[in-house]
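J.: Take a look at the following structure, please.
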Amino acid sequence: MKDIGTKISRTLIPSSVLTCADNTGAKTLMIINRIGKSGNRKGRYSKSGIGDIVTASVKSGTPQYVKKKVRVVIIRQKQAIRRPNGMRVKFEDNAGILITETNLPVGTEVKGAMAREVVQRYIKLAGIASRVV
């Protein structure tokens, strides 16, 4: 997994709500925990941001996905992220897309924009992105 050269402020904690930005049938996701977290202080929430993989619960959508635990990569967040050239980018919602255990997308297209930092880290997700910002 490639490192991101961007300063990402991680603001999404467990129980944060994401919109599902792909065409799998899930609509609303709630974060359970971040995958690969390490070195957290005892009793502190594990925070996540753009490009992180989290486990989430599907709160609304088709019956195939509702109440199921899924792996999600976060592609948009409301909090601004700072790029190396000094530009700051923020989106109007927090969104993620469903992925498999091997980090391949479950859906076939993404609704809305995807952050460039996600495409740099996960090359396979660039194939289904409609826009990369």
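The values are calculated or read from the model by the stated rules, or taken from the named source; none is laboratory data. Because the structure is a prediction, the values reported are computed rather than measured. No Cβ is skipped: glycine too gets one built from the backbone with ideal geometry, and neighbour counts run over all protein chains shown.
J.: Select from the stretch 68-89 the residues that are in contact with a strand residue (DSSP E or B) (Cβ under 7 Å, 6 or more places away or on another chain) and either in a loop (DSSP other than H, G, I, E, B) or surrounded by 20 or more Cβ atoms within 10 Å (Cβ to Cβ) (or both) and list them in ascending order.
T.: From the stretch 68-89, those in contact with a strand residue (DSSP E or B) (Cβ under 7 Å, 6 or more places away or on another chain) are 68-77, 80-83, 88-89; that's our starting set.
The answer is K68, V70, V72, V73, I74, I75, R76, Q77, A80, I81, R83.
J.: When you look at E109, is it surrounded by fewer than 16 Cβ atoms within 10 Å (Cβ to Cβ), of a type in the set (D, E) and in contact with a helix residue (DSSP H, G or I) (Cβ under 6 Å, 6 or more places away or on another chain), yes or no?
T.: yes
J.: Determine which member of the set G96, G36 is part of a loop (DSSP other than H, G, I, E, B) and closer than 23 Å to S9 by Cβ.
T.: G36
J.: For the list (1) of a type in the set (S, T, Y); (2) touching a residue at least 60 places away in the same chain (Cβ under 8 Å); (3) in a loop (DSSP other than H, G, I, E, B), I need the number of the one condition that Y45 fails.
T.: Exception for Y45: condition (2).
J.: I'd like the full set of residues that are over 12 Å from the mean Cα position of the chain (by Cα) and in a strand (DSSP E or B), limited to the stretch 48-67.
T.: Once the filter is applied, which keeps residues that are over 12 Å from the mean Cα position of the chain (by Cα) and in a strand (DSSP E or B), the stretch 48-67 yields S57, V58, K59, S60, G61.
J.: Next question. List the number of the failed condition for K37; all other conditions in (1) within 15 Å of the chain's Cα centre (by Cα); (2) among the charged types (D, E, K, R); (3) modelled with pLDDT of 95 or more hold.
T.: Every condition holds for K37 apart from (3).
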